[in-house]
Structures are given as structure tokens and as C-alpha cells.
1. Give the residues of the range B:173-213 that are in contact (Cβ under 8 Å) with a residue 12 or more places away in the chain, among the small types (G, A, S) and either loosely packed, with under 14 Cβ neighbours inside 10 Å or farther than 30 Å from B:P135 by Cβ (or both), sorted by residue number.
2. Kindly state which helices (runs of 4 or more DSSP H) lie completely within the range B:123-200 and contain at least 2 residues that are farther than 22 Å from B:F21 by Cα.
3. Given (1) in contact (Cβ under 8 Å) with a residue 24 or more places away in the chain; (2) closer than 30 Å to B:Y211 by Cβ; (3) of a type outside the set (D, E, K, R), identify the lone condition not met by A:V214.
4. Would you be able to tell me the number of residues in the range A:161-183 that are modelled with pLDDT under 95, hydrophobic (A, V, I, L, M, F, W, C) and within 25 Å of A:S40 (Cα to Cα)?
5. Quick one: in the range A:110-146, which of the residues that are under 19 Å from the mean Cα position of the chain (by Cα) and closer than 23 Å to A:L188 by Cβ is most open to solvent (accessible area, probe 1.4 Å)?
6. Taking the stated definitions as given, is A:F210 open to solvent by less than 20 Å² (accessible area, probe 1.4 Å) and more than 23 Å from A:D8 (Cβ to Cβ)?
7. I'd like the full set of residues that are outside any helix (DSSP H, G or I) and open to solvent by less than 70 Å² (accessible area, probe 1.4 Å), limited to the range B:1-58.
8. In the range A:36-44, is there at least one residue being open to solvent by less than 60 Å² (accessible area, probe 1.4 Å), within 17 Å of B:K119 (Cα to Cα) and in contact with a Lys or Arg (Cβ under 7 Å, 6 or more places away or on another chain)?
Amino acid sequence: MHILTAKDICKSFDGTKVLNGISIEVTKGQVLAIIGPSGSGKSTMLRCVTQLETVDSGEITICGDTLVKNDGNGRAVYSDKAACSKIGLHIGLVFQNFNLFPHLSVMQNITEAPIRVLRRSKAEAEAAAKELLQKMDLADKADAYPCQLSGGQQQRVSIARALAMNPDILFFDEPTSALDPELTGEILKVIRELAAEHMTMVVVTHEMKFARDVADYVVFMDNGTIVEQGNPEQLFGNTQNDRTKAFLSRFNEN
Amino acid sequence: MNYQALLTQMLEATLMSLRIFFVTLIFSLPLGLLVAKGRMTKVRLINLPVRLYILLMRGTPLMLQLLFFFYALKPLFGIQLDRVLAAEVAFVLNYAAYFAEIFRGGIEGIPRGQHEAAKVLGFTRGQTFFRIILPQVVKHIIPPMGNEFITLVKDTSLAQVIGIVELLKVTSNWVSSAVNMTPLVIAGAFYLVMNGAVTRFFTMAENRLNYYR
């Protein structure tokens with residue numbers, strides 16, 4: 001079953017084409033890794049499917065619901081506001097910079113949306129949050145505030161916050177890029193565990209080893225296009241495209 | 001000099017100053033938030049008049065505005081406000097303009113990621129503003145708000161231009177009739193006490209919001 005289908009996504013910022021006909025598909029339980037150099041459009045792609053940006057043209061379908069499709073002139077037409085909000089509830093997004101709410105405790109960060117948006121009872125939301133915190137190895141931090149936590153802990157809270165909404169698909173936008181190298185491991189471990197539980201995920205990452213180990217499918221983007229894609233063994237083990245080769249060799253050097 | 005009469009009159013006049021102070025805050029703070037929203041919208045039909053309003057309020061003397069609302073409404077629109085109401089209208093409209101710009105600075109200072117996180121979690125725009133953004137804005141605007149509150153305490157003395165008997169008016173009456181400077185010193189002490197309280201209020205608020213960065 002397809003959780004996410006994006007077809008021919010185009011997006012420009014002030015005349016500069018950032019996405020030039022990107023198509024990706026994610027089926028249930030799949031982990032898709034998107035890799036590529038900075039400025040290749042990876043994050044923009046993620047922001048388009050999570051409705052933080054609007055596309056110029058293309059089609060996006062999430063869990064069978066159409067978010068946007070082209071009209072007769074090839075221009076994007078979005079579904080109505082209510083439908084877009086509903087589609088938004090299928091997805092979760094983990095940001096590079098965590099974006100936790102600094103004035104709320106860890107517990108409130110996680111329960112605020114389930115209570116306000118999903119209309120869960122406070123007790124129910126808190127019970128679910130406690131379970132998630134346990135899973136994230138943060139059971140003792142429920143009453144702490146984000147500023148009292150390390151970067152890795154903050155990112156785990158933000159993963160718990162996204163999971164608390166029971167998304168059908170979870171997006172990660174370079175989840176370890178704002179972390180010290182010694183803290184990236186704890187985040188990658190969490191994502192690995194989620195993958196083992198067959199959480200559907202799309203991860204934009206610069207961690208090549210991680211992409212190779214965890215992803216079911218890897219997409220290499222450059223200059224707003226998908227240059228090469230395939231399963232990790234293919235893409236990393238039997239690289240075809242020269243640009244992909246050049247990009248990967250830079251990682252192997254260090 | 002009859003000190004008992006002096007102090008009684010000064011205390012009564014202080015009540016008038018405090019009345020203007022509190023009425024101004026109660027109405028101009030929410031109004032300022034609304035004006036800030038109007039100033040930030042891209043809808044020109046709202047944005048442009050709001051900019052003009054802010055320009056008028058900040059660009060002309062508060063004293064002129066006081067005179068306007070007491071004397072000019074009658075010939076212009078046939079409305080005569082009583083003195084205190086005219087003063088309150090002038091103060092509210094004037095301070096709302098300043099508060100609006102402080103709110104705007106605070107709101108625009110909140111990182112975009114906060115809005116984005118709230119949006120992805122499904123919060124409505126109203127929920128995002130009141131639950132996520134505004135509480136953080138309050139913390140950031142405490143210092144400039146403190147300035148405005150303190151200025152407002154002192155600005156209440158301007159109300160005397162339309163015949164309102166507030167603290168400084170009573171004081172100057174006594175100074176000129178008794179040719180004695182003591183009332184000035186006492187009035188100074190009164191203002192200091194009021195602003196001491198304002199300062200203390202803001203220090204407490206700041207400490208209370210110190211639990212996060």
C-alpha cells in the first residue's frame with residue numbers, strides 16, 4: 001500500500017528552480033533515505049510533502065488522499081483547507097533544529113497536540129507520552145524544559161512529540177545535522193528501532209552509513225533532480241552515475 | 001502650609017493618575033496586539049490604514065492628541081467627550097500604537113521553526129498564536145514593556161492640559177500659590193513609589209519566566 005506518492009514535483013524560489021520534476025513513492029513500512037549535496041533540494045522536497053511549502057506543479061497523494069494535483073494547464077491545485085489539514089494529520093516531521101516549544105515542559109511538548117488537535121483526554125495523552133519517553137530513554141525528563149536537555153535528548157523529545165500524533169509516515173529533515181558527532185549515534189539508534197518496528201519513514205540525511213544500513217530504498221538528489229535511485233546495495237555498492245560516484249567518494253575520503 | 005490638606009489633595013489626584021494608568025493599560029494592551037496583527041498582515045486594505053494610525057499616534061505629541069479628543073471632536077463630529085473620557089481615549093489610542101510595535105517586534109522575533117512545528121502538529125492558527133507564540137513573546141517583550149509602563153505613569157501628568165486634576169496639576173497649584181517647593185519633592189516621591197511598584201512587577205514577571213530560555 002502506498003503511503004506517499006509524489007509525482008513530478010516542481011518548485012521555484014524567485015525564478016530559481018529548486019525541484020525539477022521529482023517523483024518518489026513510499027509504501028507502508030518502507031524507509032526511504034534521501035541523500036545528496038547541500039542545496040540539491042532534499043529539504044525542500046520534504047517541506048513540500050509536509051505542507052510547509054507549496055509546489056508549483058506536480059501531484060502529492062498521502063494515504064490515498066490527494067493533497068495536490070495539476071489542473072489542465074499543468075499548474076498545481078491544492079485540495080480544500082479541511083482536506084489539507086486532514087492529510088497533515090497522517091504525517092509527522094522531525095526538524096533539523098528540533099523546534100521544541102521552549103516554554104513548555106517535555107511532557108507538555110508531547111501532549112499539547114494530542115490534547116488540542118486530536119481532543120484526547122489529558123490522562124490519555126500523558127499515559128501515551130510516558131510510554132514514548134520510556135522508549136526514548138527519557139522517562140526521567142518529563143518535567144524538564146528543553147533548555148535543560150542536550151541536543152540529542154531534545155531531538156529524541158521531538159521524535160516522541162511527532163510519534164504522539166500516531167502518524168502514518170514520519171519525515172526526518174537531517175535529524176542529526178545540528179548535533180555534535182558523539183550525539184548523532186543516539187538519534188540514529190532511535191530511527192533504527194523505529195525501522196525495526198516497520199514505521200514508514202523518509203529520512204533526509206548526510207549519514208551515508210546509516211542510509212546504507214537502515215534504508216530500504218535510497219534516492220540521490222542533485223540540482224533539484226533525482227540523479228540515481230535504488231536499493232542501498234545497488235546505489236552504494238554498484239553506483240552507476242558519475243555525479244553519485246563523485247558525491248559518495250567525498251564521503252569515503254573522510 | 002497646611003500639609004494635611006496638601007496630602008489629601010495629592011492622594012486624591014494620584015487616584016486620578018492611577019485611573020488613567022490602569023484604564024490605558026486594560027484597553028491599549030489588547031488593542032495593541034490587534035494593531036500589531038493588522039500591521040503584519042499582507043492585506044493592504046488593513047495594513048496601510050494601520051500604518052497611518054501608528055504614524056499619527058507616534059508622530060504627534062500626546063499632548064496634542066489630548067487636546068484633539070477634548071476640543072476637536074465637537075466642531076468636527078458634534079461629539080463632546082467629558083474630560084476624563086477624552087483623556088482615556090487619547091491615552092489608549094496613543095499607547096496602543098507603541099505597544100503594537102513592541103508586540104510586532106516580539107512576534108517577529110520568534111523563530112519560524114516554532115510556527116512550522118505547530119503547523120505540522122496540526123494546531124490551528126489561533127492555537128499556534130495563543131498557546132505557542134504569544135507566551136514566548138511575553139517573555140521577550142518584558143524589557144521594552146517595562147519602559148512603556150514607566151513612561152505611562154509619568155505621562156498621566158499630561159492630562160492636565162485638558163483640565164484634569166491629576167497629581168502634578170495639584171502639585172503645581174500648591175507650588176505657585178504657597179511659593180514653596182516642598183510639594184514638588186513630595187510629588188516626585190509619589191511618582192517614584194508608583195514606578196518602584198511597576199519595576200518590581202516587571203522584575204517578578206521576569207523571574208517567573210526565567211524557567212526557560
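The values are calculated or read from the model by the stated rules, or taken from the named source; none is laboratory data. These numbers come from a predicted model, not from an experiment. In this analysis, Cβ positions are derived from the backbone assuming ideal geometry, glycine residues included, and neighbour counts consider all displayed protein chains. Surface areas here come from the heavy atoms of the whole protein model, side chains and all, with no ligands, DNA or RNA. Shrake-Rupley method; radii C 1.70, N 1.55, O 1.52, S 1.80 Å.
1. B:A178, B:A187
2. Numbers: elements: B:134-140, B:142-155, B:167-178.
The helices (runs of 4 or more DSSP H) meeting that bar are B:134-140, B:167-178.
3. (2)
4. 2
5. Pass one, the range A:110-146, residues under 19 Å from the mean Cα position of the chain (by Cα): A:110, A:113, A:132, A:136.
Of the ones still in play, those that are also closer than 23 Å to A:L188 by Cβ are A:110, A:132, A:136.
On the way: A:I110: 1, A:L132: 25, A:M136: 4 Å².
Here the answer is A:L132.
6. Values: open to solvent by less than 20 Å² (accessible area, probe 1.4 Å): yes; more than 23 Å from A:D8 (Cβ to Cβ): yes.
In short, yes.
7. Taking the range B:1-58 as the starting set, the residues that turn out to be outside any helix (DSSP H, G or I) are B:1-2, B:41-43.
Matches in the range B:1-58: B:T41 only.
8. yes
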